[in-house]
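Below is one structure; the comments refer to it alone.
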Amino acid sequence: MKKYLKRTLTIVSLIIIPLLFVSITQKRVDHNTLRIQGFYQEEQNSIDVVFFGASEVFPGYSPAYAYEKYGFTSYSYAIDANYTKLIKYQIEEVLSYQSPKCIIIETSCYYNPRQEEEKKTALATLRKWTDGIPFSKHKTEIISQLTDSDQLSYYFPFIMYHGNLENYADIEAEFSQKRRGYTYLKGVTSTNKKTVCNSLRDVSGDNTIEKLPEKDDIYFKDLLEYCKSLDCKVIFVRFPQRIEDDADYEMFCTQNYIDRLVAENGFDFINLDKQFAGIGLNPNKDFYDKHHMNVNGQIKTTEFIGQMLQNKYSITATDLSESNKKKWDMSVKYIELFYEYFRIHENDEKVYWWYENPSLLSKLDTINESYL
Amino acid sequence: MKLTSIYFFAFVLVVCLVYYLIPKKMQWIVLLASSMVFFVMSSGILTVYMLATTAIVYGGALWLNKHRETFESRKQELDKAQRKEAKKKLKKGQKLRVAAIAVTVLGILVVLKYCNLGVEIANMFMGIFHLNYSFEMFSIVLPLGISYYTLMAVSYVTDVYRGVIKAEKNPLRVLLFVSYFPHIVEGPFDRFKDLSEQFSIPHKFDYDSFCKGCILVLFGLFKKMVIADRLGITVAEIFDHPSEHTGPAIVIATVMYTIQLYCDFSGCIDIISGVSELFGIKVAENFRQPFFSRSINEFWRRWHITLGLWLKEYVYYPVILSGHFKAVDKFAKKHLKSNHLINVVPAAYALFFVWLSNGLWHGASLKYILYGLYYYLLMMIGELCKPLFEKIKNKMHIKDGNKPFALFQMLRTFLIVNIGMLLFRSATVGEFFRLIKQAMSSFNYFGGAREVVTISIEVIYAFVGVVVILMIGIVKEKNKTVLFRDLIYQKPFILRYLFVLFFVTCILTFGVYGPGYNASDFVYAQF
Amino acid sequence: MDKLIEILNSLRPGVDFAAQTKIVDDGILDSMTIARLIGLLEDEYDIEFEVTDLVPENFNSVEAMMKMIERLED
């Protein structure tokens with residue numbers, strides 16, 4: 001009997017150990033994964049506002065700062081190169097964990113004419129999202145509806161990422177975040193990068209319309225129908241961008257089309273391209289490139305949106321549990337440290353890209369200690 | 001079913017379970033049933049061709065047997081002269097019968113596989129005579145392993161003719177031999193005698209043998225998934241767009257391709273040999289560290305061993321015992337002055353058929369014929385110049401056992417093989433010569449290496465894998481009498497455990513599987 | 001036996017065939033020389049080979065070859 005036990009254990013362990021090792025060490029972990037995973041670490045039904053969108057959102061809005069100033073909790077459920085088709089599934093996914101009072105959909109990702117043609121890119125973006133979602137019935141629906149092959153690699157990412165030298169996974173950050181149990185910066189990323197602003201166009205009064213590409217149009221209308229069925233408030237927002245050339249302008253004009261569509265369906269659309277003055281944005285100081293804001297822009301935009309939510313939409317804060325309150329207070333502390341860190345390095349020659357990981361946090365702790 | 005897919009291993013596991021649970025008398029039936037399932041899953045309706053070939057050789061063997069039995073029963077009644085006459089008549093008749101059977105079975109293969117070659121040649125003639133007509137190519141799908149099972153079927157009926165084996169009365173046993181799923185995909189060419197004996201004996205589950213079989217499978221997976229498929233990505237990129245790459249890159253890609261082909265083919269053979277060993281059935285050895293060969297003759301005794309053996313037994317030997325060979329022999333004796341030439345020329349005549357067959361077997365195009373004849377020519381030149389080489393060797397005082405000279409011989413053989421592989425990989429003969437020219441256009445190998453690695457940095461894993469199997473190859477060369485996996489099994493449990501753990505982890509980490517790679521099918525499975 | 005050794009030496013001079021026990025296995029006679037040897041033996045002893053005779057065991061030593069020749073002469 002002992003012999004059979006030993007043999008069975010040997011064979012089973014020779015399969016299980018390598019599989020475990022590979023699934024733990026060979027995955028893709030970047031700021032997108034960490035942000036998405038961080039969302040699921042929030043206490044259920046404790047988030048007041050959820051933001052959806054692409055890479056404009058997480059450098060341009062700070063949930064921790066909004067909590068500090070206005071008291072409501074929020075989260076940026078956004079990923080790089082997010083696109084039209086995915087948003088509806090993402091909202092469904094979020095609503096199965098949280099009951100926000102309001103969801104905000106950033107509409108820049110609604111102009112993506114290449115998305116359907118470049119299937120490989122679209123699937124890579126899908127993975128940036130699905131790699132962070134825990135297993136659930138809804139996840140199986142997402143994967144079966146949005147993919148037609150290699151489904152197993154969405155459940156077991158190592159099938160896709162094994163041996164990938166070019167994909168340095170930040171497993172240390174993932175591990176430390178999981179151990180802590182929540183994120184400090186709530187998915188915020190930023191950089192000290194600067195780009196020169198070339199011939200900014202003033203579009204504050206411009207209402208020229210350009211229709212969305214066909215597929216994006218279909219998905220967007222589909223999303224609007226879906227939003228009508230939701231209980232929570234739905235607001236469409238376009239984060240500020242520098243309109244410098246014809247391509248930017250064309251995209252801006254599609255936002256005017258979105259404006260009209262949204263209004264026809266009974267929702268509000270706020271185009272922050274037209275609100276540079278209102279927000280107090282300086283195109284030369286508040287952006288790191290024409291599509292994305294830096295910390296300066298982040299602070300201003302968060303204040304603008306926070307005030308709007310508080311005053312115009314009366315979003316009030318939920319009562320948080322004691323433990324949750326402590327976590328959010330820590331987030332406030334760290335976001336302020338992060339802003340301080342930004343100011344220290346704002347004008348450095350070297351370009352830094354920041355997202356929440358142990359290395360960045362230890363640097364923030366150093367700043368904290370220097371105050372003590 | 002790809003041999004590196006999880007479905008294949010699930011299939012093998014199920015077969016193993018059933019195989020060891022049912023009564024031992026029925027084990028061969030399990031193998032037959034699973035082989036048929038495997039075949040039908042891969043070839044569908046084309047299974048009919050394999051069944052037809054099997055039926056022809058089965059019936060043919062019984063037909064040969066009947067005639068021999070008739071002779072045996074009647075010969076007592078005859079006197080010595082009559083017996084000799086009857087024996088002669090039987091021999092002639094049997095020869096015609098076996099030839100007819102072999103030609104029919106090979107005919108199926110030739111028509112299916114080489115009809116497009118015929119079209120190619122016909123069109124070539126049309127071009128030569130400036131006739132404004134070209135024949136259309138056929139679009140034909142081949143049944144799984146047709147080049148392998150056809151030759152094995154021919155060997156079965158020929159062995160019956162030669163009296164090496166008796167005709168098998170049970171058609172299902174012949175079918176099992178022909179369709180046995182481990183060797184149907186890429187060989188090796190087994191003999192009916194070896195396999196049927198093993199199919200007939202009961203196989204009790206033996207844990208150690210089972211584990212050794214698994215180790216062999218792992219080794220094969222490592223060669224195929226970590227080395228061959230990884231090299232294949234870079235090799236495909238360079239050979240699909242040769243004009244975008246430098247000469248040195250082409251040369252490096254050729255060497256990579258040679259190693260890729262070796263790891264692909266021998267890796268596959270290891271997988272199926274290992275799988276077969278799980279059932280307690282040993283298939284023939286097909287590779288024996290071929291890159292340690294010191295001559296091309298030796299190379300072809302270490303690479304695709306069973307093809308060489310098949311050609312020797314079923315092409316070479318019949319030719320050297322034939323009438324037309326004897327005529328050439330006589331001619332040589334009469335008209336050639338040098339003793340050396342008298343020895344070489346007749347054998348060269350016989351070997352021409354062997355190498356033509358070798359080339360043709362590899363592919364249905366002129367390129368492959370040239371591939372076979374390339375080696376033939378080099379070997380014949382080598383034979384003819386043998387006295388000269390001996391003289392040079394003596395003048396340089398090189399004794400047998402001289403290590404640097406042995407290394408020189410291995411590198412020389414490797415170079416010759418690589419040129420052959422470049423021809424094998426080129427789309428056409430014309431492209432081959434263009435690539436040779438391009439390869440000699442520059443000697444910046446440092447730049448070429450950088451160019452190759454840039455295509456996919458992860459090709460480095462393959463290089464490390466090559467070092468690993470090279471080290472294992474050296475161990476195997478030094479221990480020719482013991483199997484490598486037996487050597488591992490002699491080590492303490494903890495070392496064996498770690499060795500296997502290391503290999504499994506390497507395959508899972510560095511192996512090519514899942515999305516994100518180009519599809520890779522076994523190169524030799526197209527035959 | 002001497003005639004046989006003479007024939008063998010004409011194909012491979014300088015080898016002491018009488019002392020060898022692995023003539024084929026060690027590669028002293030390869031497939032090219034076997035082809036020639038067959039022809040010479042068939043002429044010398046008026047015998048006819050079958051393919052089944054062409055196995056290493058029959059050619060590994062001079063004794064084995066003589067035995068085979070005697071068998072084929074009958």
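The values are calculated or read from the model by the stated rules, or taken from the named source; none is laboratory data. Owing to the predicted nature of the structure, the values given are computational and were not obtained by experimental measurement. We place every Cβ from the backbone using ideal geometry, glycine too, and count neighbours over all the protein chains shown.
Brief remarks follow.
- Residues located in region B:354-373, provided they are part of a helix (DSSP H, G or I), buried (at least 18 other Cβ atoms within 10 Å of the Cβ) and of a type outside the set (S, T, N, Q): B:Val354, B:Trp355, B:Gly359, B:Leu360, B:Trp361, B:His362, B:Lys367, B:Tyr368, B:Ile369, B:Tyr371, B:Gly372
- Some residue of region C:10-22 being within 21 Å of B:Ser322 (Cα to Cα) and either outside any helix (DSSP H, G or I) or modelled with pLDDT of 85 or more (or both): no
- In region B:117-139, residue modelled with the highest pLDDT [restricted to those that are touching a Ser or Thr at 6+ places or on another chain (Cβ under 8 Å) and either among the polar types (S, T, N, Q) or under 30 Å from B:Val48 (Cβ atoms) (or both)]: B:Asn123
- So A:Arg7, is it touching a residue at least 40 places away in the same chain (Cβ under 8 Å), among the charged types (D, E, K, R) and within 12 Å of chain B (Cβ to nearest Cβ): no
- Among the criteria (1) away from chain B (no Cβ under 14 Å); (2) at pLDDT 95 or above; (3) surrounded by fewer than 21 Cβ atoms within 10 Å (Cβ to Cβ), the one A:Gly38 does not fulfil is (3).
- Every residue from region B:229-250 that is touching a Gly at 6+ places or on another chain (Cβ under 6 Å) and within 21 Å of B:Tyr262 (Cα to Cα): B:Ala249
- Helices (runs of 4 or more DSSP H) wholly inside region B:13-128 that include at least 2 residues being touching a His at 6+ places or on another chain (Cβ under 9 Å): B:80-128
- Residues (buried (at least 17 other Cβ atoms within 10 Å of the Cβ), in a helix (DSSP H, G or I) and aliphatic (A, V, I, L, M)) located in region B:1-12: B:Val12
- Odd one out for A:Asn256, checked against (1) crowded, with 16+ Cβ neighbours inside 10 Å; (2) in a loop (DSSP other than H, G, I, E, B); (3) of a type outside the set (A, V, I, L, M): (2)
- Test: residue in region A:202-210 that is more than 25 Å from the chain's Cα centre (by Cα) and closer than 30 Å to A:Val351 by Cα: yes
- The residues on offer are C:Leu37, C:Leu29, and the sole one that is within 28 Å of B:Tyr376 (Cα to Cα), within 12 Å of chain B (Cβ to nearest Cβ) and part of a loop (DSSP other than H, G, I, E, B) is C:Leu29.
- Matching entry among A:Ile305, A:Ile299, A:Ile315 (being among the aliphatic types (A, V, I, L, M), surrounded by 18 or more Cβ atoms within 10 Å (Cβ to Cβ) and part of a loop (DSSP other than H, G, I, E, B)): A:Ile315
- The number of residues in region C:40-73 being loosely packed, with under 14 Cβ neighbours inside 10 Å, acidic (Asp, Glu) and within 12 Å of chain B (Cβ to nearest Cβ) comes to 2.
Per-residue answers, yes or no, for (1) of a type in the set (Phe, Trp, Tyr); (2) under 14 Å from A:Asp131 (Cβ atoms); (3) assigned to a loop (DSSP other than H, G, I, E, B):
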| site | (1), (2), (3) |
| --- | --- |
| A:Ser149 | no, no, yes |
| A:Ile159 | no, yes, no |
| A:Asn164 | no, yes, yes |
| A:Phe175 | yes, no, no |
| A:Lys193 | no, no, yes |
| A:Asp202 | no, no, yes |
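- Residue check, A:Leu230 part of a loop (DSSP other than H, G, I, E, B) and among the hydrophobic types (A, V, I, L, M, F, W, C): yes
- Taken over region B:392-420, residues that are closer than 19 Å to B:Arg301 by Cβ and outside any helix (DSSP H, G or I) amount to 1.
- Of the residues making up region A:72-81, not a single one is surrounded by fewer than 18 Cβ atoms within 10 Å (Cβ to Cβ) and at pLDDT 95 or above.
- Residue match in region B:256-264 (condition: more than 18 Å from the chain's Cα centre (by Cα) and among the hydrophobic types (A, V, I, L, M, F, W, C)): yes
- Residue in region B:435-453 that is assigned to a helix (DSSP H, G or I) and within 14 Å of chain A (Cβ to nearest Cβ) present: yes
- Count of region B:306-323 residues, restricted to those that are away from every other protein chain (no Cβ under 14 Å) and either without any contact (Cβ under 8 Å) to a residue 40 or more places away in the chain or farther than 19 Å from B:Ser179 by Cβ (or both), is 1.
- Sub-8 Å Cβ pairs linking a first residue in region B:150-163 that is more than 12 Å from every other protein chain (Cβ to nearest Cβ) and closer than 14 Å to B:Gly187 by Cβ to a second residue that is among the charged types (D, E, K, R) and crowded, with 23+ Cβ neighbours inside 10 Å, at least 6 apart or interchain, are B:Met152/B:Asp190, ordered by first then second residue.
- Out of A:Ile218, A:Ile209, one residue alone is assigned to a helix (DSSP H, G or I), free of Cβ contacts under 8 Å to residues at least 60 places away in the same chain and either among the hydrophobic types (A, V, I, L, M, F, W, C) or within 14 Å of another protein chain (Cβ to nearest Cβ) (or both). It is A:Ile218.
- Output for region A:266-285, where each listed residue is over 22 Å from A:Gln310 (Cβ atoms) and either surrounded by 16 or more Cβ atoms within 10 Å (Cβ to Cβ) or in contact (Cβ under 8 Å) with a residue 60 or more places away in the chain (or both): A:Asp273, A:Pro283, A:Asn284
- Region B:346-366 residues that are within 14 Å of chain C (Cβ to nearest Cβ) and under 11 Å from B:Tyr376 (Cβ atoms), paired with ones that are acidic (Asp, Glu) and in a helix (DSSP H, G or I) (beta carbon under 8 Å, 6 or more apart): B:Ala348/B:Glu383
- Selection of region B:456-515 for residues being of a type in the set (Phe, Trp, Tyr) and outside any helix (DSSP H, G or I) yields only B:Tyr513.
- The listed residues are B:Val466, B:Val459, and the only one of them that is within 14 Å of chain A (Cβ to nearest Cβ) and touching a residue at least 40 places away in the same chain (Cβ under 8 Å) turns out to be B:Val459.
- The residues listed here are C:Val24, C:Val15; of these, the one that is hydrophobic (A, V, I, L, M, F, W, C), touching a Phe, Trp or Tyr at 6+ places or on another chain (Cβ under 6 Å) and under 23 Å from B:His340 (Cβ atoms) is C:Val24.
- Residue within region A:166-183 that is away from every other protein chain (no Cβ under 14 Å) and over 30 Å from A:Ser46 (Cβ atoms) present: no
- Restricting attention to region B:167-225, the residues that are assigned to a loop (DSSP other than H, G, I, E, B) and within 14 Å of another protein chain (Cβ to nearest Cβ) add up to 3.
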